[in-house]
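This report concerns only the one structure given below.
The values are calculated or read from the model by the stated rules, or taken from the named source; none is laboratory data. Quick caveat, the model's predicted, so the values are computed rather than measured. Neighbour counts are summed over all protein chains in view; Cβ atoms, including those assigned to glycine, are modelled from backbone coordinates with ideal geometry. Note: accessible area is taken over every heavy atom of the protein model, side chains too, but ligands, DNA and RNA are not part of it. Shrake-Rupley method; radii C 1.70, N 1.55, O 1.52, S 1.80 Å.
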Amino acid sequence: WLAERSDGAYQREVALKLPHAFALLGQGRARFARERDILAALQHRHIAQFFDAGADALPDGTLQPWLALEHVAGETITRYCEQQRLPLRERLTLMLQAMEAVQHAHGRLLVHRDLKPANLLVSTEGQIKLLDFGIAKLLGGDTQDAERTRLSLATPDYAAPEQLSGGAIGVA
């Protein structure tokens, strides 16, 4: 959701991530908290910046967690390249930016696990922004979610072969 701070302290548009209630069942709440912690630890010019997180009480008394992230006005990498009719050299420049973002995450032992055009936006300034660390994995961390992520959360057309087969996930 596109949101704007309204308390008068300062003005900023953000992308507000509000998980659906079903996404918070079982391990979902822990996965959302892990995404928050991962994003808070990543500071890179080609990764959408984390601003804040919290939870608000709903009328029924349940808590609605949220993440406030950098709003990236732009297009997916594939659409941007098509619309701009970019030559190969400029397309490769965008891919190098995406690789910088991924390398930054890998340097912190984080594997994104859902790299796809929808998660690689090109800003109005022509810069890549990597989004959505919702199923990212900290290497050497919890291995309980491997099968569930392999089967239900990854985007099969973009998942690594070892992710689809249930093999060990790594930076390769």
Problem set entry | Output for region 108-141, where each listed residue is under 18 Å from Ala168 (Cα atoms), more than 10 Å from the chain's Cα centre (by Cα) and either open to solvent by 60 Å² or more (accessible area, probe 1.4 Å) or among the basic types (Lys, Arg) (or both) | Arg108, Leu109, Lys137, Leu138, Gly140
Exercise. Would you pick out the residues in region 63-73 that are small (Gly, Ala, Ser) and either part of a helix (DSSP H, G or I) or open to solvent by less than 40 Å² (accessible area, probe 1.4 Å) (or both)?
Worked result: Ala68
For this session: Inspect region 35-50 for any residue being open to solvent by 40 Å² or more (accessible area, probe 1.4 Å), among the aliphatic types (A, V, I, L, M) and modelled with pLDDT under 85 and give the result as yes or no.
Result: no
Exercise. Does any residue of region 62-72 turn out to be in contact with a Gly (Cβ under 6 Å, 6 or more places away or on another chain), farther than 26 Å from Ile169 by Cα and of a type in the set (Gly, Ala, Ser)?
Worked result: no
For this session: Test each condition in (1) modelled with pLDDT of 90 or more; (2) out of contact with any Pro (no Cβ under 7 Å at 6 or more places or on another chain) for Ala23 and report the one that comes out false.
Result: (1)
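Tell me, please, whether a residue that is outside any helix (DSSP H, G or I), in contact with an Asp or Glu (Cβ under 7 Å, 6 or more places away or on another chain) and at pLDDT below 95 can be found in region 94-116.
Within region 94-116, one or more residues are outside any helix (DSSP H, G or I), in contact with an Asp or Glu (Cβ under 7 Å, 6 or more places away or on another chain) and at pLDDT below 95.
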Exercise. Does any residue in region 156-170 that is closer than 19 Å to Leu109 by Cα come within less than 6 Å, Cβ to Cβ, of a residue that is small (Gly, Ala, Ser) six or more places away or on a different chain, and which pairs are these?
Worked result: Gln163/Ala154
